[in-house]
């Protein structure tokens, strides 16, 4: 009877270990998927920003330096996303956000740009992409948080340590990076 009980407890422990391992694998892959979703949107933005800049060039006499900074920031965001450098991504995102703020200021300064259907469509698309990227960042951080909490819970921490499941870094931004952009100030630079 004791042997049967011992085998029963061993079977329960083995089933629990398999279930915990599978849950941790799922969480790890959700973090990777969440980051991949951010990469997809960054690539879309990377591809669409040149079109927006070209329209700006055609319909305004916007300062060339701002357009160049937007394009450089766009490249930096894309490179940071590809290298999965969370800190560089945050810094590059700030530069890009400032440049896009300057472009929005141009829209305010040149009302005829708003009337242009092509420009309006591209501006709406960029705005939609920015909103979606923000949502994906939140999903990424949620996925990271779920993973990081789970690998610290007992008894799951035993399986996590045994099989090398580790924490992921949250995508964080400083207060300066998350503050509202003063578009008027950016346009005066």
Only unsatisfied item for residue 108, checking (1) at pLDDT 80 or above; (2) surrounded by fewer than 19 Cβ atoms within 10 Å (Cβ to Cβ); (3) assigned to a helix (DSSP H, G or I), is (1)
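From the set of residues in the stretch 54-80 that are over 25 Å from the mean Cα position of the chain (by Cα) and either part of a helix (DSSP H, G or I) or at pLDDT 70 or above (or both), which is surrounded by the fewest Cβ atoms within 10 Å (Cβ to Cβ)?
64
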Quick one: which of 95, 83 is modelled with pLDDT of 75 or more, over 18 Å from residue 44 (Cβ atoms) and under 14 Å from the mean Cα position of the chain (by Cα)?
83
Of the residues that sit in the stretch 124-141 and are out of contact with any helix residue (DSSP H, G or I) (no Cβ under 7 Å at 6 or more places or on another chain) and touching a residue at least 12 places away in the same chain (Cβ under 8 Å), which one is farthest from residue 35 (Cα to Cα)?
130
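The values are calculated or read from the model by the stated rules, or taken from the named source; none is laboratory data. Note that this is a predicted model, so its numbers are computed, not measured. Here Cβ is always computed from backbone atoms with ideal geometry, including for glycine, and neighbour counts include all displayed protein chains.
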